[in-house]
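Asks: Starting off with a structure, shown below.
The values are calculated or read from the model by the stated rules, or taken from the named source; none is laboratory data. Note that this is a predicted model, so its numbers are computed, not measured. Please note: Cβ atoms are built from the backbone with ideal geometry, for glycine as well, and neighbour counts cover all protein chains shown. The area values use the complete protein model at the heavy-atom level, side chains included, leaving out ligands, DNA and RNA. Shrake-Rupley method; radii C 1.70, N 1.55, O 1.52, S 1.80 Å.
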Amino acid sequence: KDYRRSYIAIGSLVTLTTTATWYNITSLSLGPGEWDLSGMVYFTLNGATSTRADSVISAYSGNTSEADHAIGDNYWSGPPPTAVDDCQAIPAWRVSLTAAATHYLKARGFCSVGSLKACGRLYARRVG
């Protein structure tokens with residue numbers, strides 16, 4: 001089996017500057033085959049006033065539409081960090097690739113004041 005991971009450590013937090021905008025946290029390049037992808041995003045409040053935080057594993061980079069995210073097991077939407085920080089775990093999500101492709105761990109925050117910060121890890125395991 002083939003295992004891969006990519007992560008952005010807490011010391012390299014990505015600032016989610018614009019509300020409701022998707023930001024890449026990290027990515028993995030994968031070869032053809034069946035892959036189980038999973039991830040975790042850590043959000044820190046960073047002094048912001050936030051109403052929601054979302055994370056997703058996507059085949060699309062950057063700020064893309066909801067339709068591009070095949071909302072399902074690869075998508076997590078929830079309340080914002082309450083005191084200081086929060087984690088969102090994305091369970092294993094299977095993708096079938098006929099050619100090499102890159103998948104992205106992305107996050108966004110909805111803030112009326114300030115900006116959330118995020119880091120995380122993306123895992124991939126070839127299953128076929």
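Asks: Summarise the accessible area of the chain (1.4 Å probe, protein heavy atoms) by the percent that is carbon and sulfur.
Replies: That fraction is 53 percent.
Asks: What whole-number value in Å² describes the accessible area per residue of the chain for a 1.4 Å probe?
Replies: 48
Asks: Label points 7 Å out from Cα along the Cβ direction at S77 and T44: separation in nm?
Replies: 2.7
Asks: Now for a separate question. State, as an integer percentage, the relative contact order of the chain based on alpha-carbon contacts under 8 Å between residues 6 or more apart.
Replies: Contact order relative to length: 49 percent.
Asks: Further question: Rounded to the nearest 10 Å², what accessible area does F110 have for a 1.4 Å probe in the complete protein model?
Replies: The accessible area of F110 comes to roughly 50 Å².
Asks: At a probe radius of 1.4 Å, what is the per-residue accessible area of W93, in Å² to the nearest 10?
Replies: About 50 Å², ignoring ligands and nucleic acids.
Asks: Taking the Cβ of R121 as the centre, find all other residues whose Cβ is under 14 Å away and add up their charges (Lys, Arg: +1; Asp, Glu: -1).
Replies: Value of the local net charge: +4.
Asks: With a Förster radius of 22 Å, plug the Cβ-Cβ distance of I10 and A89 into 1/(1 + (r/R0)^6) and report the FRET value to the nearest 0.05.
Replies: E(calc), rounded to 0.05, equals 0.85.
Asks: Roughly how many nanometres apart are two label points built 7 Å out from the Cα toward the Cβ at N24 and Y3?
Replies: 2.5
Asks: Quick one: 3J(HN,Hα) in Hz for the stretch 15-20, Karplus 6.51/-1.76/1.60 with θ = phi - 60°, rounded, Gly and Pro as x.
Replies: Result, ordered by residue: 7, 8, 4, 9, 4, 6 Hz.
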